[in-house]
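The values are calculated or read from the model by the stated rules, or taken from the named source; none is laboratory data. Here the structure is a predicted model, which means the values were calculated and not measured. Neighbour counts run over all protein chains shown; Cβ positions are idealised from the backbone, glycine included. Note: accessible area is taken over every heavy atom of the protein model, side chains too, but ligands, DNA and RNA are not part of it. Shrake-Rupley method; radii C 1.70, N 1.55, O 1.52, S 1.80 Å.
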Amino acid sequence: MQGQEEMRAADEDRQLVADRLRVAVDEGRLDLHEYDERLQRAYAARTYGELDALVVDLPAPAGAATSALAVPGGPAATVSASGGSARTTGSPGGSATARWLAGVWEPWLKAVPVVVAIWAVSSLLAADVLYFWPGWVAGPWGAVLLVRSVSGILSGEPARWAVERERRREKRARQRERKAARRKDRELPGGAV
């Protein structure tokens, strides 16, 4: 049986390492260039050994086990930078790629039915099938989005988007916590509420 370093890593394992790297850059342990380089290597890694090498010089998050990665067959958890609570990776909202693609295609999916409806109403009012001009809206725009989707998936854009989205979510959570703490501090000196 091969050692854990030689075992194939899953997407969930890569995401755990990406989260550790994000925490490290937030704490100032990595600069942005090194973070970007390690993040690219994390998403390209195939084995646990390749992933462990990316975080070996970083301290383990508070409350985490000594290994940087999940044990195969067990649930993977990561420590949130803001609250210190564990959460399971692989959100129920679908994969990062599916969410990224939905964001890329959403404007097209909203606009094309509107222009087709305008064309259909115009054709009905004219009592004739008019030239299908919505094709000039849907076709070129859809081709551009298709190229963007394929090139984005091949370059790892969904993973970078997911990391940035998580960073913004945690930043908003920290801001809400600070705001709640300030509100609580203002209420205390005035007496019991």
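Of the candidates ARG160, ARG167, ARG178, the single residue that is more than 24 Å from TRP119 (Cα to Cα) and without any contact (Cβ under 8 Å) to a residue 60 or more places away in the chain is ARG178. Going by what's in this entry, would THR97 be described as modelled with pLDDT under 70, of a type outside the set (A, V, I, L, M, F, W, C), open to solvent by less than 70 Å² (accessible area, probe 1.4 Å) and touching a helix residue (DSSP H, G or I) at 6+ places or on another chain (Cβ under 6 Å)? Spelling it out, it is not the case that THR97 is modelled with pLDDT under 70, of a type outside the set (A, V, I, L, M, F, W, C), open to solvent by less than 70 Å² (accessible area, probe 1.4 Å) and touching a helix residue (DSSP H, G or I) at 6+ places or on another chain (Cβ under 6 Å). Taking the criterion of being open to solvent by 30 Å² or more (accessible area, probe 1.4 Å) and in contact (Cβ under 8 Å) with a residue 40 or more places away in the chain, the residues of region 111-157 that qualify are ARG148, ILE153, GLU157. If you filter region 167-188 down to residues that are among the acidic types (Asp, Glu) and at pLDDT 85 or above, you find that the one that is nearest to GLN15 (Cα to Cα) is GLU170.
Yes or no: region 161-180 includes at least one residue that is farther than 27 Å from ARG22 by Cα, of a type outside the set (A, V, I, L, M) and surrounded by 13 or more Cβ atoms within 10 Å (Cβ to Cβ). The answer is no, given that none of the residues of region 161-180 is farther than 27 Å from ARG22 by Cα, of a type outside the set (A, V, I, L, M) and surrounded by 13 or more Cβ atoms within 10 Å (Cβ to Cβ). The single condition from (1) of a type in the set (Lys, Arg); (2) modelled with pLDDT of 85 or more; (3) not in a loop (DSSP other than H, G, I, E, B) that ARG87 fails is (2). Looking at LEU32, LEU39, LEU54, LEU58, just one residue is surrounded by 20 or more Cβ atoms within 10 Å (Cβ to Cβ), within 26 Å of ARG169 (Cα to Cα) and more than 17 Å from the chain's Cα centre (by Cα), and that residue is LEU54.
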